[in-house]
Amino acid sequence: MRVPLIAGNWKMNTTVSEAVELVKEMLPELDRIDNVDKVICPPFVSLAAIKELLKGSTIKLGAQNLYFEEKGAYTGEISPLMLAELCEFVIIGHSERRQYFNETIEIVDKKVQAALKVGLTPILCIGETLEENEAGKTEEILTRQLSSPSARLYYLGGSILAYEPIWAIGTGRAASGGQANDTIGFIRQHIAQQHGQGIAQEVRILYGGSVTANNIAEFINQPEIDGALVGGASLKASEFLSIVRQTSEIKGRLSEES
Ligand code: PEP
């Protein structure tokens, strides 16, 4: 049984003091919820302060991006080595980065490899646009996004995938549980064909796109979906806590039934 995981992507929200307040608000209860990996991904500038707050807790810390070089003349960039001192996870290839910062499949691949090299766990985001979805190209796009020659290393290194249909991110228009389950099932099948059933059954694949406390159950009740990457709803303590709590309860029940 794969351990479910809920990751909160705070995007470019919260100053350091706001981030510290938000963590303090959710920490005691979030810390107590078990059977689910809990990851928060605040902006870079808050990582050090939040690392201190999370010491001794069950909550893990992630970054939202990195640069693939370890050091050098890359003004403004943050390297894998810098992050490795601060956190365990890193979101890579988020559609906002692919869309607004021109991150290509090749750049995303370099970033995943750079993260794995220093022991960070990538949360690799993949997903199709509305246009591609409506043209029936979802599977083709996902296959392309997972086609790196080093993809096998991604999975052996414990990378997590997040299927995030771009039309569902920040739009309030989530996929249905069935739709997300079918697509994640396709991704798992593709990995099985390329790398074997063992790897495919181990890799955790999350759903992301307008997840809230009201719809999380619909996703978590699906057998292929191992958790969620949550954007907007991760910025409200009560909402995020409810998402994590429901995930723990539902996956706990499903595992007892199986
Ligand atoms: C995200 O940022 O990855 C995301 C899924 O955002 P939202 O939950 O706000 O749609």
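Observations on the structure shown:
- The longest part of the chain holding none of the exposed loop GluC sites (Glu not before Pro), meaning those outside H, G, I, E and B in DSSP with at most 16 other Cβ atoms within 10 Å, is 89-258.
- Packing-based order for 192-200, 7-15, using average beta carbon neighbours within 10 Å, highest first: 7-15, 192-200
- Of GLY172, GLY76, GLY158, the one that fluctuates the most in a GNM where the chain has Cα springs shorter than 10 Å: GLY76
- Karplus 3J(HN,Hα) series, Hz, for segment 75-87 with 6.51 cos²θ - 1.76 cosθ + 1.60 (x for Gly, Pro): 3, x, 8, 10, 9, x, 4, 5, 6, 4, 7, 10, 8
- Extension gain for the segment ARG2 to ARG144, taken as residue separation times 0.36 nm less the Cα-Cα distance, is 48.6 nm to one decimal.
- Distances between placed amide hydrogens fall under 5 Å for LYS60 paired with LYS38, VAL39, ILE40, all partners being 5 or more residues away or on another chain.
- Rounded if a/c under 1.5, otherwise prolate or oblate - segment 139-258, Cα gyration tensor axes: prolate
- Phi angles of segment 93-98 translate, via the Karplus equation with coefficients 6.51, -1.76, 1.60 and θ = phi - 60°, into HN-Hα couplings of x, 4, 4, 5, 6, 5 Hz per residue; Gly and Pro are given as x.
- Among ILE169, ILE59, the order by Cβ neighbours within 10 angstrom, fewest to most, reads ILE59, ILE169.
- Three semi-axes describe the equivalent ellipsoid of segment 1-159; taken as square roots of 5 times the Cα gyration tensor eigenvalues and ordered largest first, they are 27, 19, 16 Å.
- Fully extending the segment from GLU70 to PHE101, taken as 0.36 nm per residue of separation minus the present Cα-Cα distance, adds 9.2 nm.
- A full extension of the chain between LEU153 and SER238 corresponds to an added length of 26.9 nm, given 0.36 nm per residue minus the alpha carbon distance.
Read-outs: derived from the displayed coordinates by stated rules, not from any lab. Nothing here was measured: the structure is a model prediction, and the numbers come from that model. Glycine also receives a Cβ, built like all others from the backbone with ideal geometry; neighbour counts cover every protein chain displayed.
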